[in-house]
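Q: Here it is, the structure, as structure tokens.
The values are calculated or read from the model by the stated rules, or taken from the named source; none is laboratory data. Being a predicted model, the structure only gives us computed values, none of them experimental. Note that each Cβ is placed from the backbone with ideal geometry, even for glycine, and that neighbours are counted across all protein chains shown. We work out accessible area using only protein heavy atoms, side chains counted, and drop any ligands, DNA or RNA first. Shrake-Rupley method; radii C 1.70, N 1.55, O 1.52, S 1.80 Å.
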Amino acid sequence: MNPATATAADLVTLRVEPLTRAAFAPFGDVIEAAAAASHYAINAGTTTRFHDLAAIDTSREGGRPVLSLFRAQPRELPFTVTMLERHPLGSQAFVPLSQRPYLVVVAEDPAAVPRAFLARDGQGVNYRPGTWHYPLLALEQTSDFLVIDRAGPGNNCDEVELSAAYRIVAAAI
Ligand SMILES: NC(=O)N[C@@H](O)C(=O)O
Ligand code: NI
């Protein structure tokens, strides 16, 4: 769907949901201290390790994990989602380096209505390989994210144009 030609009949308004482990489970991991299966004191008790927060999966077909910094410009709302992408060969994790909220749009299938989540208070996400998602959606100000995903041979990015246009009106629950 071309956003420029989408009519009101094509527009579906997405409800924005709070980002929780349970709700996001079909798509991957929520990266936050509360999500840790285990946490323990290290460094003579001066630090707490919140262990193994996300399944980093980048080795398929000769891939390797890469750590990058994404400096994302804020998106204007209302925002219309007309495409999704997926990375079939690797996971992709985003950890905000600020406490600013951002939006996460995912779908179990391009034919399904996407789900929009509001990530807050430093919450990160890790898309498991093949999770359909919209590219990074920063809000309010230019925002830096630490990103861990896959570098390597093969096609690791499929894009699909959606049959409808999905509008996010406000970054509010
Ligand atoms: N293109 C790129 O590296 N980023 C996207 O995959 C994204 O999900 O933001
Ligand atoms: Ni991506």
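Q: Which condition number does residue 58 fail, the rest of (1) buried (at least 19 other Cβ atoms within 10 Å of the Cβ); (2) under 24 Å from residue 36 (Cα atoms); (3) under 15 Å from the mean Cα position of the chain (by Cα) being met?
A: It fails just one condition, (3).
Q: With the requirement that a residue be more than 16 Å from ligand 1 (Cβ to nearest atom) and within 16 Å of residue 89 (Cα to Cα), what does region 114-173 give you?
A: 153, the sole residue that qualifies.
Q: Now a separate question. So, in region 111-128, how many residues would count as being closer than 16 Å to residue 86 by Cα, open to solvent by 30 Å² or more (accessible area, probe 1.4 Å) and part of a loop (DSSP other than H, G, I, E, B)?
A: Looking only at that region, the number is 4.
Q: A follow-up question, please. Which of the residues spanning region 36-55 are modelled with pLDDT of 95 or more, open to solvent by 70 Å² or more (accessible area, probe 1.4 Å) and of a type in the set (A, V, I, L, M, F, W, C)?
A: 41, 44, 50
Q: Now for a different question. Among the strands (runs of 3 or more DSSP E) contained in region 47-103, which hold 1 or more residues that are within 11 Å of ligand 1 (Cβ to nearest atom) and more than 21 Å from residue 19 (Cα to Cα)?
A: Values: elements: 47-51, 64-72, 79-86, 92-96.
Per the criteria, 64-72.
Q: Could you count how many residues in region 158-170 are surrounded by 12 or more Cβ atoms within 10 Å (Cβ to Cβ) and outside any strand (DSSP E or B)?
A: Going through region 158-170 one residue at a time, the tally reaches 1.
Q: Same structure again: List every residue pair whose Cβ atoms sit under 8 Å apart, with the two residues 6 or more apart in sequence or on different chains, where the first one lies in region 111-125 and is closer than 18 Å to residue 33 by Cβ and the second, anywhere, is among the hydroxyl-bearing types (Ser, Thr, Tyr) and open to solvent by 10 Å² or more (accessible area, probe 1.4 Å).
A: These pairs meet every condition: 122/98.
Q: Quick check: is even one residue across region 146-156 surrounded by fewer than 20 Cβ atoms within 10 Å (Cβ to Cβ), under 24 Å from residue 78 (Cα atoms) and away from ligand 2 (no atom under 14 Å from the Cβ)?
A: Just the residues of region 146-156 that are surrounded by fewer than 20 Cβ atoms within 10 Å (Cβ to Cβ), to begin with: 146-147, 151-155.
Narrowing further to those that are under 24 Å from residue 78 (Cα atoms): none.
Within region 146-156 (the criterion being surrounded by fewer than 20 Cβ atoms within 10 Å (Cβ to Cβ), under 24 Å from residue 78 (Cα atoms) and away from ligand 2 (no atom under 14 Å from the Cβ)), the answer is no, since none of the residues qualifies.
Q: Something else now. I want to confirm something. Restricting to region 76-89 and keeping residues that are open to solvent by less than 30 Å² (accessible area, probe 1.4 Å) and near ligand 2 (Cβ under 10 Å from one of its atoms), which single residue is farthest from residue 113 (Cα to Cα)?
A: 87
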